[in-house]
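Data first, discussion second: the structure below is written as structure tokens.
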Amino acid sequence: MPMLLIKGSFHLSGRTSPDGDTVPFIPDYVGEWKLVQGCHKLQPAKDGHIDVRLEGIDALETHYSGNYGAEERQPPKFGDAATDALLTWLGFHDIRRTFDPESGHDTISATPDTVAGFVLTRGSDIFGRCVALVGRGAPPGPSGYEIDVKPALLKKTANHHLLGEGLAYPTFYSGFPAELRRELTAATVHARTAPGKGVWNTTGDALGDVTLTGAKVTAMTSITTDAVILPKLFRRLKEYLSLGNTSLACLPAYLGGAADKFFLLSDRQSPEVTGLHNVVEISDGGTVRMTHPSEEILFVEK
């Protein structure tokens, strides 16, 4: 799969708020941002940085507002662990969090405040971020040119590392090639192997993932404190609850209205499906579960 390679550095200014799947990046030549394709043109900040969203993975939310309500986060245990794992893998250490009363969440600084690396990107997303595979150290080719990305190179990225540590969920969008999806799925399956790493450790009081087994949802704290679930499902539930809903009776209609489009990879004949209500079950007792693991869902890019 050809991807644009951009060489540069990852930056932590003490005013930034990276998380387990997003980190600020500045190219050595800022003009190379113009080479990134996508329907939304990238607009770098004054220092040249743009937030890079790691492709193919989704870490627990550490600060999510969405379309409705106040900012919320998922249980901090794994969200913070994913952030620390990403930054440590890139070469940062002495990671420090400082609460910012203006934004309402932590800003992060570390030593050093910049580390060299590179990104491999197919393009931008609707939020103005560069969606990419993230690498550290010397790049595998010249900056500003496309290179062919195979599983061997994918294994050397932070994206693969975080899935292998069980600190993110595989989350695939159309356009991301099948051979790379298979490699990230394999890393996830390995992390799930008993007793499981990160979110996949469900032994004892580990507070592991319940996306498929079900989360009892009675209030916002059910998804911010009590249960670890797929971040995309968390985002939909958070917005639904922020609207003041006190029961799950209207959740299927809300999920249908959100109109997430996807294909089921487990069904080779799957037509395009619209709405997560097609893969979410709600029991009479208020338990919400997904019927397919995230690696079996291929979302359509917006």
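Below are the figures for this structure:
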read-out: Mean separation of Cα contacts under 8 Å, 6 or more apart, over the residue count of the chain: relative contact order %; value: 19
read-out: Sequence-separation-based contact order of the stretch 166-211, relative, with Cα cut under 8 Å and 6+ spacing, percent; value: 34
read-out: Within the stretch 163-178: backbone nitrogen closer than 11 Å to the residue 89 label point (7 Å, Cα to C-beta); value: 163-169
read-out: Segment residue 205-residue 102, length gained on full extension (0.36 nm per residue, minus Cα span); value: 33.6 nm
read-out: Taking the stretch 170-302 and dividing mean pair separation by its residue count, relative contact order in percent (alpha carbons under 8 Å, at least six apart); value: 30
read-out: Degrees separating the helix 76-90 axis from the principal Cα axis of the chain, which is the longest one; value: 20
read-out: Note, ³J(HN,Hα) from phi for the stretch 50-62, Karplus 6.51, -1.76, 1.60, rounded to Hz, x at Gly and Pro; value: 9, 6, 9, 9, 5, 6, x, 9, 9, 8, 4, 5, 9
read-out: For residue 144, residues with placed amide H under 5 Å, excluding near neighbours; value: 5, 6, 7
read-out: Where the Cα pairs of the stretch 1-89 fall when distances are cut into 10 Å bins, in %; value: 15, 41, 34, 10
read-out: Signed unit charges on C-beta, dipole axis of the chain, positive-most listed residue 162, 25, 2; value: 2
read-out: Lys, Arg +1 and Asp, Glu -1 on Cβ, resulting dipole of the chain about Cα centre, debye, nearest 20; value: 400
read-out: Euclidean distance between Cα centres, the stretch 103-127 to the stretch 263-285, Å; value: 33
read-out: Loop-located GluC sites (Glu not before Pro) in the stretch 43-118 whose Cβ has at most 15 other Cβ within 10 Å (DSSP); value: 71, 102
read-out: Ellipsoid equivalent to the chain - semi-axes via the Cα gyration tensor, in Å; value: 30, 22, 19
read-out: Leading residue at positive end of dipole, the chain (Cβ point charges), from 35, 256, 16; value: 35
read-out: Computed lengthening from residue 213 to residue 284, 0.36 nm per intervening residue step minus Cα-Cα distance; value: 24.1 nm
read-out: Burial ranking of peptide ranges 238-245, 202-209 (average Cβ count within 10 Å, highest at the top); value: 238-245, 202-209
read-out: Volume per residue of the C-alpha convex hull in the stretch 174-302, rounded to whole Å³; value: 116
read-out: Carbon and sulfur %, accessible surface of the stretch 121-220 computed with the full protein complex present, 1.4 Å; value: 57
read-out: Degrees separating the helix 231-242 axis from the principal Cα axis of the chain, which is the longest one; value: 60
read-out: Whichever lysines have a C-alpha closer than 24 Å to that of residue 77, once near sequence neighbours (fewer than 8 apart) are set aside; value: 197, 216, 232, 238
read-out: Nearest-0.05 FRET efficiency for residue 189 and residue 71, computed from C-beta distance (R0 25 Å); value: 0.15
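The values are calculated or read from the model by the stated rules, or taken from the named source; none is laboratory data. What you see is a predicted model; the values in this text were computed from it and never measured. Positions of Cβ are backbone-derived with ideal geometry, glycine not excepted, and every protein chain shown enters the neighbour counts. Just the protein is used for accessible areas: all its heavy atoms, side chains included, with ligands, DNA and RNA removed. Shrake-Rupley method; radii C 1.70, N 1.55, O 1.52, S 1.80 Å.
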